[in-house]
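> Quick one: structure below, then a few questions.
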Amino acid sequence: MTDDSRHQPGPKTPVGDFSVASARGGVPLLGHAAQLLFKPLDFLASLPDQGDLVKIRMGPWPVHVVCHPELVHRLLASDRCFDKGGPLYDRLRDLIGDGLASCPYAIHRRRRRLVQPAFHHTRLPLYATVMTRQIDETTSSWADGQVLDLRNELTGLATRVLSRTIFTADFSGPAIAALIPYAELITSKLSWRLLWDAALKGVPTPGKRHFTRTTEELRSAVYTMARRYRASDTDHGDLMSMLLSARDDDGSGLTDAEIFAEVVTMVLAGTGTVPNTLSWAFHSLAQHPDIEKRLHSEVDEVLGGRCATWDDLPALPLTGRIFTEAMRHFPSDWLVTRVTTEDTEVAGLRLAAGSVVAYSGQVVHRRPDVYPQPDLFLPDRWLDTGRKPPRGAFLSFGGGARKCIGDKFGTIEGVLALSTIAARWRLEPARPGRSRSTSSSRRSARPPAMRLVARG
Ligand code: HEM
């Protein structure tokens, strides 16, 4: 059956084990843009009740959202058929070239093989040392009673962590100096900038010129670093050294342009997610004093007010579960898209080549059949009871060949930061009334501001 004949608005149509539907509430021209703009989380969470594969429309563009874990698993397992693509990725490629997160299937396998050693488990203790130092500095600079936009504050921290895990050589100062403002620019404005540029293709605007100039400054700094690292012929124990030493079977390595694309990719992929998860975790802890109390006993016993290190990680299991539950409850990516490279079938529905298909943690993580009482923040659901979520059901790091390469890096950073902050500070909502209304389920796209209360 074809897309048009099956996707009629209204009740879902069962096909074999799965059902397809068109999302309710679409309007001519805008489609579901209003729901996505004003109530994205409620809208996405409502999709599984409508079908296992649900067509939504972003303006005129149809997007097929895969709502059943088994279908998500099949999507992620077929990265050749469901490839990265679309106008945003095209624009990103114009700007930085092909990086691991955005490159097409045709070059992904080689690139992943070359970048993977930089995230090998033997490198992680070194990266954790950088994290500990930055977390210590940041959390020691805070003051009792201070009100924080926690996500912004932690984005600054994650950017410093990442720039200092990419470049540790003693001559890295200029590259770090170029990287930090660039990271701020892309983490705060990138999606808008790319959308805007894609819409105004070929039209020079001041914003576009500024963006291009800052990109070129960073490109030049990275090229200079690549030259100096090669000349120093030393393993500095950082990401840059690993990217430079990566070799293909034929002995060739990454070019300077590819290294630049990977540096920007790391910054893009690695600086937004941990702060987002942490700020929602603290928001949830403020709503659940019982869990907060248990966390405080764990970190007081293990850390006693000092900053957490790599060696402390095994002694912080509750902190780890809180971080995982925050990733489930508040996934960073709401809608992750793929484009079909050939005619194919999903849930019995024929999709033509070029169709946009998407998965979302916000959809699957809210299914009560997979996560009982999905709207509750329950870290102990991750206690090792021998029952893991089914495949395709935990999407915080994606899955298949395009699964997050920084999953361990991000989790270590998250657990070190969460435990250290909790050991030193209690965070309470800066505007308690407003926060209570968001207690059990997330209604807002942005975590509210928090006030610091010194502990100990
Ligand atoms: C809690 C933290 C993190 C979360 C929740 C997260 C989430 C994700 C997700 C959902 C994807 C898959 C996107 C897709 O299917 O298209 C992904 C891919 C990726 N992530 Fe992460 N990420 C985190 C931390 C990091 C860090 C710290 C880095 C780098 C330092 C990183 C680098 C990447 C890269 C390079 C990819 C693309 C992998 C590929 O296509 O082969 N991530 N991440």
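The values are calculated or read from the model by the stated rules, or taken from the named source; none is laboratory data. If you're wondering where the values come from, they're calculated on a predicted model, not measured in any experiment. Cβ atoms come from the backbone with ideal geometry, glycine included; neighbour counts cover every protein chain shown. When the accessible area is computed, the model is the full protein with side chains, heavy atoms only, and any ligands, DNA or RNA have been set aside. Shrake-Rupley method; radii C 1.70, N 1.55, O 1.52, S 1.80 Å.
> Could you tell me, in Å, what Rg and Dmax come out for the Cα atoms of the range 284-434?
Cα only, the range 284-434: 18.6, 59 Å (Rg, Dmax).
> Pull out the extension gain between Ala257 and Arg446, defined as 0.36 nm times the separation in residues minus the alpha carbon to alpha carbon distance; nm, one decimal.
Full extension of this stretch gives 64.5 nm more.
> If you stretched the chain out fully between Asp149 and Arg350, how much longer would it get, using 0.36 nm times the residue separation minus the C-alpha to C-alpha distance?
Details: separation 201, 0.36 × 201 = 72.36 nm, distance 4.58 nm.
Gain on stretching Asp149 to Arg350: 67.8 nm.
> In addition: Return the Rg/Rh ratio of the range 101-157 with Cα-based radii and a Kirkwood Rh. Don't skip to the answer; put the middle values down first.
On the way: Rg = 17.5 Å, Rh = 14.6 Å.
Value, to two decimals: 1.20.
> Averaging sequence separations of C-alpha pairs under 8 Å and six or more residues apart, then dividing by the length of the range 276-404, give the relative contact order as a whole percent.
23
> Another one. Check each of the trypsin sites (Lys or Arg not before Pro) in the range 46-95 and keep only those in coil by DSSP with at most 15 other C-beta atoms within 10 angstrom; list them in order.
Hits after loop and neighbour filter: Arg80.
> Evaluate the relative contact order of the chain (contact order divided by residue number), counting alpha-carbon pairs under 8 angstrom at least 6 apart; express in whole percent.
Averaging sequence separation for qualifying contacts and normalising by length gives 25 percent for the chain.
> Name the residues whose placed amide hydrogens come within less than 5 Å of the amide hydrogen of Val65, ignoring near sequence neighbours (fewer than 5 apart) on the same chain.
Val54, Lys55, Ile56, Ala358
> Sticking with this one: Using a 1.4 angstrom probe on the protein heavy atoms only, line up Lys408, Lys388 by accessible area, largest first.
Order by accessible area, largest first: Lys388, Lys408.
> Given the whole protein assembly as supplied and a 1.4 Å probe, what does the accessible area of Asp233 come to in Å², nearest 10?
130
> Here is a follow-up. Not counting ligands, DNA or RNA, and with a 1.4 Å probe, what is His68's accessible surface area in Å² rounded to the nearest 10?
50
> What nm value, rounded to one decimal, do you get for the distance between His121 and Arg133 when each label is placed 7 Å out toward the C-beta?
For His121 paired with Arg133, the spin-label model returns 2.6 nm.
> Another question, then. Which order do Tyr223, Tyr89 take when ranked by solvent-accessible area (1.4 Å probe, heavy atoms of all protein chains), largest first?
On the way: Tyr223 70, Tyr89 45 Å².
Largest accessible area first, the list is Tyr223, Tyr89.
> How much accessible surface does Trp142 have with a 1.4 Å probe, in Å² rounded to 10?
Around 20 Å² of this residue is reachable by solvent.
> Rounded to the nearest 5, what % of the DSSP beta bridges within the chain are antiparallel ones?
75
> Can you give the FRET efficiency to the nearest 0.05 for Leu383 and Ser297, using r as the Cβ-Cβ distance and R₀ = 22 Å? Intermediate values should be presented prior to the final figure.
Details: r = 17 Å, r/R0 = 0.75.
Here the calculated transfer efficiency is 0.85.
> Still on this structure, please answer the following. List the extent of the Cα atoms of the chain along each of their three principal axes, largest first, rounded to whole Å.
62, 55, 46
> Then there is this: Please list Arg328, Arg109, Arg451 from largest to smallest accessible area, probe radius 1.4 Å, with all protein chains kept in place.
Descending accessible area places them as Arg109, Arg451, Arg328.
> Which parts of the range 219-263 would a label at Arg109 reach, counting a residue when its backbone N lies under 14 Å from a point 7 Å out along Cα-to-Cβ?
Answer for the range 219-263: 249.
> When only C-alpha pairs under 8 Å and at least 6 residues apart count, what is the relative contact order of the range 32-97, in percent? Don't skip to the end; give the middle numbers.
Details: 40 pairs, mean separation 13.6, N = 66.
With pairs under 8 Å counted, the relative contact order is 21 percent.
> Give Lys293/Lys388; Lys55/Lys208; Lys55/Lys403; Lys39/Lys408; Lys39/Lys293; Lys293/Lys408 a once-over and call out the pairs whose C-alpha atoms are over 29 Å from each other.
Those over the limit are Lys55/Lys208; Lys39/Lys408; Lys39/Lys293.
> So how far apart, in nm, are the two label points at Glu217 and Asp311 if each is 7 Å from Cα heading toward Cβ?
4.2
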